[in-house]
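Since the structure comes first, as structure tokens, the remarks are kept for the end.
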Amino acid sequence: MPGGSGFQTTSSFYADIEIGAVEIKDGVSDNRASVVPIGGGLYGLVVTSTPTPGPALINTYNKVLAIPRVTESTVVSYLVPIGQTFYFTLAQATGDSEAIFYLQVGGTNQMSLRTNWSERDARFDISQYSLQVAGGNTIRLRVYHEELARYGTQDFWGSISGILI
């Protein structure tokens, strides 16, 4: 526009753009703009942005107590919210006895690890596999208490970690 910046008020300006709030959408964030008078018959556009939430770090933990031998049980689970994606980084499990731990997505086994009397910890380092879970699916860390030598029940612990976007 010759002689200055901003919008000049003309009859065609008011016919095309109404003074006040105008919504601008870029597909990622929710931006809002307002046409405001800046003086001398000129108008400017003020844009404000509502920040889009960034990734959330998720670490969910649980324990199950008194699991009988040769029995399977869910140690910890996480339901991925609809409209978001969960990117695994790590799942860990341990217990007082030998066991087989299963990492499941939507009821399907993705990985399994067995512990024994000398190594009770199971670590699913999933970051190298790029395991992604879509919203609406449940992630479960299950345990099968396989010890046959001892009688009674045993306790197990587990965690699921990842990034939610």
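The values are calculated or read from the model by the stated rules, or taken from the named source; none is laboratory data. Computed from a prediction, not measured in an experiment: that's the story for all the values here. Here the Cβ is made from the backbone with ideal geometry for all residues, glycine too, and neighbour counts use every protein chain on show.
Under the condition of being part of a loop (DSSP other than H, G, I, E, B) and either at pLDDT 90 or above or buried (at least 16 other Cβ atoms within 10 Å of the Cβ) (or both), which residue from segment 140-164 is nearest to the chain's Cα centre (by Cα)? Lay out the reasoning, then the answer.
Going residue by residue through segment 140-164, those that are part of a loop (DSSP other than H, G, I, E, B) are 146-152.
Restricting the remaining residues to those that are either at pLDDT 90 or above or buried (at least 16 other Cβ atoms within 10 Å of the Cβ) (or both) gives 146-147.
Working: Glu146: 32, Glu147: 35 Å.
Ranking the candidates gives Glu146 first.
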Worksheet, complete the sentence: Within segment 89-110, the residues that are farther than 20 Å from Leu164 by Cβ and hydrophobic (A, V, I, L, M, F, W, C) are Ala93, Ala99, Ile100, Phe101
Practice prompt. Have a look at Thr94, Thr108, Thr115 and point out the one that is free of Cβ contacts under 8 Å to residues at least 24 places away in the same chain and buried (at least 18 other Cβ atoms within 10 Å of the Cβ).
Written response: Thr115
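In segment 120-139, what residues are of a type in the set (A, V, I, L, M), surrounded by 14 or more Cβ atoms within 10 Å (Cβ to Cβ), free of Cβ contacts under 8 Å to residues at least 60 places away in the same chain and part of a strand (DSSP E or B)?
Across segment 120-139, the qualifying residues are Ala122, Val133.
Conditions (1) touching an Asp or Glu at 6+ places or on another chain (Cβ under 7 Å); (2) under 14 Å from Leu141 (Cα atoms); (3) touching a residue at least 24 places away in the same chain (Cβ under 8 Å), marked per residue:
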position: Pro55; (1), (2), (3): no, no, yes
position: Gly83; (1), (2), (3): no, no, yes
position: Leu90; (1), (2), (3): yes, yes, yes
position: Gln104; (1), (2), (3): no, yes, yes
